[in-house]
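First the structure, in the form of structure tokens, and then the observations on it.
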Amino acid sequence: MNLDNLARIDLNLLVILQVLLEECSVTRAANRLHLSQSALSKSLNRLRDTLGDPLFIRTAHGLKPTAHAAQLGQQLPSMLQGLYQLTQPPQFIPAESHRQFSFAMVESAYETLIPYFIGPLLDNAPNLRLDSYLWTEASIAGLQQGQIDFGITGRDMHPQSDLIIDRLPEGIAHQTLFTDHQVCLVRQQHPLLDHIQAGHWDLELYLSMSHVQVRCEGNEWWALDYHLANLGHRRHLSTTVPDFYGAASVCAHSDLIFTLPSSFASHAQKLYSLVELPMPIPFSTLAYVLLWHERNHDEPGHKWIRETICKSVAQAFDRTERLDSV
């Protein structure tokens, strides 16, 4: 390592480069960094001189990174995270910490999981700032790039699902919080209930109905749909919606059937007059998982939050199982 050459580089320029790569706009990057556009443009010119590459090309849709800039973008998040951690104290004291952590969570986790761990986190670390965002198809990239600290989402256990745990991208670590199974919801007085009371509830009847489906990470198909396709079947998805509450509302005001994790079904039934039905066929379980990047695995603050979440959720579900068995 040539430390003399490294000493000539302004490391702040690397932060500017990372933000430019994320925003692809001088205006947005300047606003985010609290700089004038003129100051940011000067820093970009310094970057170009230092790295010997134009780095970005202006297009009608903003800045487009060059091949060299794109390659740097794959390395920068880990490098900057390492530099950031060098500036942090070697220990994490929850009661004294003013750090900020970000979460991306699947919508159902706000009802089924966050009530169990938000209290223990803030009771023990009252000065933390916890920012949460809805889980999307871009959230994994956010974890990889260091824009998000933690993710909580559902991953299918079915081997053909695109969302299976074993297919998580390289560098993404996980811990299963709990497993769930699928159930069905229909409105009260639904014509289907007469068939069920007569003892008729099978795959043929299930497939004869129209369904409302929640899009997951931009996909209309869930693991169930791939499983049915292998059997030569396909559900009639009459309506797709972006969230569970929207699907529950559609279900409550129509004859559509809604297939969903059982942990959310009870919350939907608190809002609407819905009847829960078992799946008409055996099907694999769903795992709710906590995700993080391996570069933060041993970082004290991240480790404390992970351990608190996992412990709080485990204790809550253990209490629930004991009550259910009474």
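The values are calculated or read from the model by the stated rules, or taken from the named source; none is laboratory data. Quantities reported herein were computed from a predicted structural model and do not represent experimental measurements. Reconstructed Cβ throughout: ideal geometry from the backbone, glycine too, with neighbour counts over all protein chains shown. Surface areas here come from the heavy atoms of the whole protein model, side chains and all, with no ligands, DNA or RNA. Shrake-Rupley method; radii C 1.70, N 1.55, O 1.52, S 1.80 Å.
For the reader, a short list of remarks on this structure follows.
- Count of the stretch 291-325 residues which are at pLDDT below 90 and in contact with a strand residue (DSSP E or B) (Cβ under 8 Å, 6 or more places away or on another chain): 1
- Single residue of Gln188, Gln182 found to be loosely packed, with under 14 Cβ neighbours inside 10 Å and more than 27 Å from Trp304 (Cα to Cα): Gln188
- Residue match in the stretch 236-256 (condition: open to solvent by 10 Å² or more (accessible area, probe 1.4 Å), without any contact (Cβ under 8 Å) to a residue 60 or more places away in the chain and touching an Asp or Glu at 6+ places or on another chain (Cβ under 7 Å)): yes
- Scanning the stretch 280-292 for residues that are open to solvent by 30 Å² or more (accessible area, probe 1.4 Å) and within 26 Å of the chain's Cα centre (by Cα) yields Phe283, Ser284, Thr285.
- Extreme residue, modelled with the highest pLDDT, among residues of the stretch 191-216 that are in a loop (DSSP other than H, G, I, E, B) and surrounded by 15 or more Cβ atoms within 10 Å (Cβ to Cβ): Met209
- Hey, His34 farther than 27 Å from Thr87 by Cβ and under 33 Å from the mean Cα position of the chain (by Cα) or not: no
- When the stretch 1-35 is filtered for residues that are modelled with pLDDT under 80 and under 14 Å from Ala69 (Cβ atoms), nothing remains.
- Any chance Tyr116 is out of contact with any Lys or Arg (no Cβ under 9 Å at 6 or more places or on another chain) and at pLDDT below 90: no
- For the stretch 30-50, the set of residues classified as in a helix (DSSP H, G or I), open to solvent by 60 Å² or more (accessible area, probe 1.4 Å) and out of contact with any helix residue (DSSP H, G or I) (no Cβ under 7 Å at 6 or more places or on another chain) consists of Asn31, Ser38, Lys42, Asn45, Arg48, Asp49, listed by residue number.
- Yes/no for Ser266 being over 28 Å from Phe117 (Cα atoms), among the small types (Gly, Ala, Ser) and free of Cβ contacts under 8 Å to residues at least 60 places away in the same chain: no
- Selection within the stretch 269-279: residues that are part of a helix (DSSP H, G or I) and touching a residue at least 24 places away in the same chain (Cβ under 8 Å). The member of this set that is most open to solvent (accessible area, probe 1.4 Å) is Leu271.
- Going through (1) without any contact (Cβ under 8 Å) to a residue 12 or more places away in the chain; (2) within 25 Å of the chain's Cα centre (by Cα) one by one, Asp194 falls short only on (2).
- Residues in the stretch 84-122 that are aliphatic (A, V, I, L, M) and over 24 Å from the mean Cα position of the chain (by Cα): Leu86, Ile93, Ala95.
- Only residues that are open to solvent by 70 Å² or more (accessible area, probe 1.4 Å), among the polar types (S, T, N, Q) and not in a loop (DSSP other than H, G, I, E, B) were counted across the stretch 51-95, and they come to 3.
- Cβ-Cβ under 9 Å pairs, at least 6 apart or on other chains, the stretch 39-64 side within 14 Å of Asn12 (Cα to Cα), far side basic (Lys, Arg) and in a loop (DSSP other than H, G, I, E, B): Thr50/Arg8
- Here Trp221 fulfils each of the conditions (1) part of a loop (DSSP other than H, G, I, E, B); (2) aromatic (Phe, Trp, Tyr); (3) touching a strand residue (DSSP E or B) at 6+ places or on another chain (Cβ under 7 Å) apart from (3).
- If you go through the stretch 101-152 and keep only what is farther than 18 Å from Arg167 by Cα, of a type in the set (Ser, Thr, Tyr), open to solvent by 20 Å² or more (accessible area, probe 1.4 Å) and assigned to a loop (DSSP other than H, G, I, E, B), you end up with nothing.
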